[in-house]
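This report refers to the structure that appears directly beneath it.
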């Protein structure tokens, strides 16, 4: 068994050597910023305002700060152990195959649903001028076929090498930064209504639990997702230890500022006549474009409809690249067939992984058929994978402190805080979302069981990953009993306190069990 694993590792390392290390700081920053700024800025501010009113500003701050904490830990681990598909590989090294299977499944589903969701967002804006794409709130057959064509184009742009992808993405990212900035300035200059922040039910018309729930349900986590692009492409960075941390944090902080400005502009520009039924009654198919039209900013309307293709398309382009690297890493982990772990020698791209992810994305586009349905179903899964990386970082630091890049100071404190906050965001998403998202993860446990039976894996691996299964079960039970869509047996705010304590206990247990795993499975040199 040991010999077979060693052979597999040697084979995967030889494939890693085919990856082209051509991405510098600005290209990596563009990857991160381009991944973050997609359809989220076009649609999430409206959904956040509908759920929480002006208090949606809290939503962006809390969600952004939570992801900054997680990003600080992730970039430290990414700089210390740079590897293509690191989000999937790190849990395997530190906690074994059960944890890696759960995390890998979650991140794969979350990533693979980005291209179809972004394609649906493009078509939602385009439907104003192209009839027959939507019937009610769902894509028609013609809309689905056009969405598949968009996804196929994204695969083609990634097919011929990372340098072509990087050049196209850099050009698109410049436009993606300029257009939202122009939108904020134009809306604030032409339609600022201060009364919208205090009238119509006040700053928090639906209470202060609403902005917390909106972090997941309004697509805020989805909107910030994408900052990890440089980490996923670490195997293709020229200087990963120096450039990855700077690129990720630069892009994430710029995105936070931009999203807050967009939320302020949206709230301030909503016409009073649209607030007759309160913020719940606000409903635009093309939010910022329709606000621009109401303010007679025709020039901005045209720019926004054009950017409705560039922003989601650019984000989907990044995720098409990232997801292929995650599928590549899943193949190395043994969750996907070994055939996926193949880098094309001419282009330096895992082409088979690109093809597999296209099929998975198509499978999500067909049944869901609109942006919000796809986002609501999968946003939590991406955050779940991020949060487990902080356990991996703490485990690596304890087992081999000399390996750490030490770019980020204080991760011993940041890591548990980030894990607890992520646990709270899971819980705040509500019972309605978690009862769908968490069972998706449990499906991967069946895949793991099948692999255990077929391949006679180390039985100690089950013990090393049992803490994560217990954590997910506890989270599901607490959600069912809590005040965020549950039965209310656990009243607010004590339900959040209990969840936070449970999250801290799970983190400590996870680090402890990872230590036992690493005592018998030393970290590889990557």
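The values are calculated or read from the model by the stated rules, or taken from the named source; none is laboratory data. These numbers were taken from a predicted model, which means no experiment stands behind them. Note that we place each Cβ from the backbone using ideal geometry, even for glycine, and neighbour counts take in every protein chain shown.
Candidates are the residues of segment 93-151 that are assigned to a loop (DSSP other than H, G, I, E, B) and crowded, with 20+ Cβ neighbours inside 10 Å; the one that is farthest from the chain's Cα centre (by Cα) is 133. Just one of the listed residues (53, 24, 63, 40) is at pLDDT below 85 and buried (at least 24 other Cβ atoms within 10 Å of the Cβ), and it is 40. Note on segment 167-187: residues that are modelled with pLDDT of 90 or more and out of contact with any helix residue (DSSP H, G or I) (no Cβ under 6 Å at 6 or more places or on another chain) amount to 3. Is it the case that some residue within segment 373-381 is touching a helix residue (DSSP H, G or I) at 6+ places or on another chain (Cβ under 9 Å), more than 27 Å from residue 98 (Cα to Cα), in a helix (DSSP H, G or I) and modelled with pLDDT under 80? Within segment 373-381, one or more residues are touching a helix residue (DSSP H, G or I) at 6+ places or on another chain (Cβ under 9 Å), more than 27 Å from residue 98 (Cα to Cα), in a helix (DSSP H, G or I) and modelled with pLDDT under 80. Within segment 275-289, the set of residues being part of a helix (DSSP H, G or I), more than 25 Å from the chain's Cα centre (by Cα) and either closer than 22 Å to residue 36 by Cβ or at pLDDT below 90 (or both) comprises just one member, 289.
Scanning segment 193-224 for residues that are surrounded by 14 or more Cβ atoms within 10 Å (Cβ to Cβ), assigned to a loop (DSSP other than H, G, I, E, B) and more than 15 Å from the chain's Cα centre (by Cα) turns up 193, 199, 200, 201, 203, 204, 205, 206, 209. When each of 519, 464, 506, 500 is tested for being more than 17 Å from residue 209 (Cα to Cα) and at pLDDT 95 or above, the lone residue that passes is 506.
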